[in-house]
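The values are calculated or read from the model by the stated rules, or taken from the named source; none is laboratory data. Keep in mind the model is a prediction, meaning the values are calculated, not measured. Because the Cβ atoms are built from the backbone with ideal geometry, glycine has one as well, and the counts that use them run over all protein chains shown.
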Ligand code: DX5
Ligand code: ZN
């Protein structure tokens, strides 16, 4: 399966959002990554429902919502109603992650489980059958434009092994500091979905950069 590229609109120009969404529409990217931050789970606040609706109105790409919020179970159904095709919730801080993943699946969206850099991949073992996308953070969540944590590559290999052993169709997603330099190692390790924000939107030719990430 070719790698899925998911540009993160956190790095887009919000004063020209339609232009940046159109750029994604015209590109080889299959997903749009949508980062929701609440200022509690992470030390930053981003955006929520109104922006999601605006993105949805302007694209038919798969909208991949990454919730960096406390109590995500309160908002899952509304995110799906407003256009999320997939929702990722964090393992950390969620006492009932099994039930939250079930809730996402019951809502009709694809269920994603996100792991912070300090969280071992092994925690996913007992719930892997509920996880459509395993999101491995390659920076500490909260901000775009951070430096890629190189230990992520071995976490991806480990996740790949677990998924093969469990024989699930879980996709491995990597998020944070992804660029043309590290994408080859990530693909070799087994990454299926690459999120890229700054690298794409700061590129002189973002569409070309997306194609390069895909074809590297
Ligand atoms: C970080 C977010 C990422 C971010 C990636 O908390 O989850 O999705 O937008 O941005 P870059 O590619 O700039 O690291
Ligand atoms: Zn993200």
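When the residues of the range 80-92 are narrowed to those that are surrounded by fewer than 24 Cβ atoms within 10 Å (Cβ to Cβ) and out of contact with any helix residue (DSSP H, G or I) (no Cβ under 7 Å at 6 or more places or on another chain), which ends up nearest to residue 34 (Cα to Cα)? Break it down into steps so the answer makes sense when it comes.
Taking the range 80-92 first, the residues surrounded by fewer than 24 Cβ atoms within 10 Å (Cβ to Cβ) are 80-83, 85, 91-92.
Next cut, out of contact with any helix residue (DSSP H, G or I) (no Cβ under 7 Å at 6 or more places or on another chain) only: 80-81, 85, 92.
Working: 80: 13, 81: 15, 85: 11, 92: 19 Å.
So, considering only residues that are surrounded by fewer than 24 Cβ atoms within 10 Å (Cβ to Cβ) and out of contact with any helix residue (DSSP H, G or I) (no Cβ under 7 Å at 6 or more places or on another chain), the one nearest to residue 34 (Cα to Cα) is 85.
Considering only the range 184-205, state which residues are surrounded by 22 or more Cβ atoms within 10 Å (Cβ to Cβ) and more than 8 Å from ligand 1 (Cβ to nearest atom).
Let us first name the residues in the range 184-205 that are surrounded by 22 or more Cβ atoms within 10 Å (Cβ to Cβ), namely 186, 191, 193-197, 199-200.
Those that are surrounded by 22 or more Cβ atoms within 10 Å (Cβ to Cβ) and more than 8 Å from ligand 1 (Cβ to nearest atom): 186, 191, 193, 194.
Report, by residue number, each residue of the range 161-175 that is surrounded by fewer than 19 Cβ atoms within 10 Å (Cβ to Cβ) and either within 14 Å of ligand 2 (Cβ to nearest atom) or under 17 Å from residue 123 (Cβ atoms) (or both). Give the steps one after another, and end with the answer.
Step one: filter the range 161-175 for residues surrounded by fewer than 19 Cβ atoms within 10 Å (Cβ to Cβ), giving 161-162, 164-169.
Answer for the range 161-175, where residues must be surrounded by fewer than 19 Cβ atoms within 10 Å (Cβ to Cβ) and either within 14 Å of ligand 2 (Cβ to nearest atom) or under 17 Å from residue 123 (Cβ atoms) (or both): 161, 162, 165, 166, 168.
Does residue 114 satisfy the condition of being more than 16 Å from ligand 1 (Cβ to nearest atom), surrounded by 20 or more Cβ atoms within 10 Å (Cβ to Cβ) and at pLDDT 95 or above? Working first, answer last.
On the way: more than 16 Å from ligand 1 (Cβ to nearest atom): no; surrounded by 20 or more Cβ atoms within 10 Å (Cβ to Cβ): yes; at pLDDT 95 or above: yes.
In short, no.
Which residue out of 174, 131 is at negative phi and within 11 Å of ligand 1 (Cβ to nearest atom)? Explain how you work it out, then say what you get.
Working: 131 fails: within 11 Å of ligand 1 (Cβ to nearest atom).
From the options 174, 131, the qualifying one is 174.
Does any residue in the range 17-29 that is modelled with pLDDT of 95 or more come within less than 6 Å, Cβ to Cβ, of a residue that is surrounded by 13 or more Cβ atoms within 10 Å (Cβ to Cβ) and part of a loop (DSSP other than H, G, I, E, B) six or more places away or on a different chain, and which pairs are these?
Correct list of pairs: 20/12; 21/59; 25/59.
Go through the range 41-67 and give me each residue that's out of contact with any strand residue (DSSP E or B) (no Cβ under 7 Å at 6 or more places or on another chain) and more than 14 Å from ligand 1 (Cβ to nearest atom).
Matches in the range 41-67: 49, 50, 53, 54, 57, 58, 60.
Select from the range 81-108 the residues that are outside any helix (DSSP H, G or I) and within 20 Å of residue 171 (Cα to Cα) and list them in ascending order.
Taking the range 81-108 first, the residues outside any helix (DSSP H, G or I) are 82-96, 107-108.
Scanning the range 81-108 gives 84, 85, 86, 87, 88, 89, 90, 91, 92, 107, 108.
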